[in-house]
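Worksheet for the structure shown next.
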Amino acid sequence: MRYLLLTLLIVPVSTLAQDDVLGYWASPGSIINISRDGEQLSARVFALMEPTYVEGEAYGPVGARRRDDLNPEETLRSQPILGLELLSNYTWSGKRWEGKIYDPESGNTYSSRMKVSRNGNLEMRGYIGVPLLG
């Protein structure tokens, strides 16, 4: 019975570490919502500081909703940034979440890692090749 109790106490702690990234996270220009999709993560753009095009921007008429203009797939360039899925193949490695992240500001997709730091901030790192160079 003593061993069973220890097992029951350890499992939720492990799950908490995985679930720490879930929720709404703000950056200077946007808010994203990170949720679980089965064994993977999903991150969607929930809000933008500038949700529409402003005067002087190269893409779109003033006041129109921002689109994924720089997407390398031409057929996806008309999709709105709001609600856009940013993660793909994002799975738990045992210490952190890892997968691919799409950056709509550049149109590039990067390898990525994500976890919550000790001070409660979301640490998301995109990189090309080796994580040390990201």
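The values are calculated or read from the model by the stated rules, or taken from the named source; none is laboratory data. These numbers were taken from a predicted model, which means no experiment stands behind them. When we count neighbours, we look across all protein chains shown, and the Cβ atoms used for this are built from the backbone with ideal geometry, even at glycine. For accessibility, only protein heavy atoms count, side chains too; no ligands or nucleic acids. Shrake-Rupley method; radii C 1.70, N 1.55, O 1.52, S 1.80 Å.
Could you identify the single residue in Asn71, Asn33 that is within 30 Å of Glu98 (Cβ to Cβ), touching a residue at least 24 places away in the same chain (Cβ under 8 Å) and in contact with a Phe, Trp or Tyr (Cβ under 9 Å, 6 or more places away or on another chain)?
Of the residues listed, the single one that is within 30 Å of Glu98 (Cβ to Cβ), touching a residue at least 24 places away in the same chain (Cβ under 8 Å) and in contact with a Phe, Trp or Tyr (Cβ under 9 Å, 6 or more places away or on another chain) is Asn71.
Considering every residue within region 115-132, establish whether at least one is assigned to a strand (DSSP E or B), open to solvent by less than 80 Å² (accessible area, probe 1.4 Å) and farther than 20 Å from Leu48 by Cβ.
For region 115-132, residues assigned to a strand (DSSP E or B), open to solvent by less than 80 Å² (accessible area, probe 1.4 Å) and farther than 20 Å from Leu48 by Cβ: present.
So, in region 39-50, how many residues would count as being without any contact (Cβ under 8 Å) to a residue 40 or more places away in the chain and open to solvent by 50 Å² or more (accessible area, probe 1.4 Å)?
Number of matching residues: 3.
Among Asn119, Asn108, which is among the polar types (S, T, N, Q) and under 17 Å from the mean Cα position of the chain (by Cα)?
Within the list Asn119, Asn108, the selection yields Asn108.
Give me the residue from region 52-99 that is in contact with a Gly (Cβ under 7 Å, 6 or more places away or on another chain) and within 17 Å of Arg125 (Cβ to Cβ) and, out of that set, least open to solvent (accessible area, probe 1.4 Å).
Ranking the candidates gives Tyr90 first.
Could you run through region 63-101 and say how many residues are hydrophobic (A, V, I, L, M, F, W, C) and in contact with a helix residue (DSSP H, G or I) (Cβ under 7 Å, 6 or more places away or on another chain)?
So the count comes out to 1.
(1) among the β-branched types (Val, Ile, Thr); (2) in a loop (DSSP other than H, G, I, E, B); (3) modelled with pLDDT under 90: which one isn't true of Val11, the others all being true?
Exception for Val11: condition (2).
With the checklist (1) more than 14 Å from the chain's Cα centre (by Cα); (2) at pLDDT below 95 in hand, flag the one item Pro80 doesn't pass.
For Pro80, the failing item is (2).
Take region 48-69 and flag every residue that is outside any loop (DSSP other than H, G, I, E, B) and either among the charged types (D, E, K, R) or within 20 Å of Ser88 (Cα to Cα) (or both).
Those that are outside any loop (DSSP other than H, G, I, E, B) and either among the charged types (D, E, K, R) or within 20 Å of Ser88 (Cα to Cα) (or both): Arg65, Arg67.
Can you name every residue in region 16-38 that is surrounded by fewer than 13 Cβ atoms within 10 Å (Cβ to Cβ), in a strand (DSSP E or B) and not hydroxyl-bearing (Ser, Thr, Tyr)?
If the condition is that a residue be surrounded by fewer than 13 Cβ atoms within 10 Å (Cβ to Cβ), in a strand (DSSP E or B) and not hydroxyl-bearing (Ser, Thr, Tyr), then Gly23, Ala26, Asp37 are the ones that fit.
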